[in-house]
Amino acid sequence: MQIVETIDVDVPVTTAYNQWTQFESFPHFLQEVESITQIDDTHNHWKVKIGGFEREFDTEITEQHPDERVAWKSVGGDTEHAGVVTFHRLDEAKTRVTVQIDWEPGDLLEKVGAAVHAPQHAVKKDLDNFKEFIEGRGAETGAWRGDVEAGTGDAGTARGL
C-alpha cells in the first residue's frame, strides 16, 4: 500500500525542512506518535499508539539532503514500512511538503484500517497539524543540516541551530 499526501506551508523551505529534521518534536504534530528517541544521526526509536494499540519500531534514515528530502525505512519492531518526505520551494515564503509512505498491513487491525483508508486520513491530518505547528511558530525548533547519501548510511557534517 502506498500513501501520498501533500500540503503547502507558509514558511520558507529551509524552515520546513529544518523542523522535519527534529524527530523528537514529532509528537507535537503527529497525532499517533507518543515519542521518538534519536539514537544517532540516522537511527530513531518510535513509540506510537494506533487505534488504542501501542507499537514500537526503529527507523533508519536512508537518504537526507538539506532542503530537499528525508527518506527512511523501518529496521525493527512491530511494523515494516519505508517513506520519503520532499520539500519543494514554491516561493521565498512558501513550501510544498509531500509525504510518501509504502507499507504492507500486517495484522487484522492494520488490514481493517487500510480498507477504510485510515492511514491516508491520518497522514493528511498529520500534515495539517505540521502546517499549523510550523506556521504558528514561524521558525523551526532546531535543525540538522547533514547529508546522508542513499545506499551508504553515512551521515555527513551536521550543523545545528
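Here are the numbers for the structure shown:
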{"quantity": "In the stretch 41-79, residue nearest to Glu135 (Cα to Cα) [restricted to those that are touching a residue at least 40 places away in the same chain (Cβ under 8 Å) and open to solvent by 50 Å² or more (accessible area, probe 1.4 Å)]", "calculated": "Glu68"}
{"quantity": "Top-ranked residue of the stretch 3-40 - restricted to ones that are open to solvent by less than 40 Å² (accessible area, probe 1.4 Å) and part of a loop (DSSP other than H, G, I, E, B), ranked as farthest from Asp128 (Cα to Cα)", "calculated": "Thr21"}
{"quantity": "Unmet requirement for Val112, which otherwise passes all of (1) open to solvent by 40 Å² or more (accessible area, probe 1.4 Å); (2) within 19 Å of Asp58 (Cα to Cα); (3) modelled with pLDDT under 95", "calculated": "(2)"}
{"quantity": "Conditions (1) closer than 17 Å to Phe23 by Cβ; (2) in contact with a strand residue (DSSP E or B) (Cβ under 7 Å, 6 or more places away or on another chain); number of the one not met by Asp40", "calculated": "(2)"}
{"quantity": "Filter result (touching a helix residue (DSSP H, G or I) at 6+ places or on another chain (Cβ under 9 Å) and modelled with pLDDT under 95) within the stretch 64-92", "calculated": "Thr79"}
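Conditions (1) at positive phi; (2) among the hydrophobic types (A, V, I, L, M, F, W, C); (3) within 14 Å of the chain's Cα centre (by Cα), marked per residue:
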{"residue": "Glu5", "(1), (2), (3)": "no, no, yes"}
{"residue": "Leu30", "(1), (2), (3)": "no, yes, yes"}
{"residue": "His43", "(1), (2), (3)": "no, no, yes"}
{"residue": "Trp46", "(1), (2), (3)": "no, yes, yes"}
{"residue": "Ile50", "(1), (2), (3)": "no, yes, no"}
{"residue": "Arg55", "(1), (2), (3)": "no, no, no"}
{"residue": "Arg69", "(1), (2), (3)": "no, no, yes"}
{"residue": "Gly77", "(1), (2), (3)": "yes, no, no"}
{"residue": "Glu80", "(1), (2), (3)": "no, no, no"}
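The values are calculated or read from the model by the stated rules, or taken from the named source; none is laboratory data. Nothing here was measured: the structure is a model prediction, and the numbers come from that model. Note that we place each Cβ from the backbone using ideal geometry, even for glycine, and neighbour counts take in every protein chain shown. Areas reflect the complete protein model, heavy atoms only, side chains present, ligands, DNA and RNA absent. Shrake-Rupley method; radii C 1.70, N 1.55, O 1.52, S 1.80 Å.
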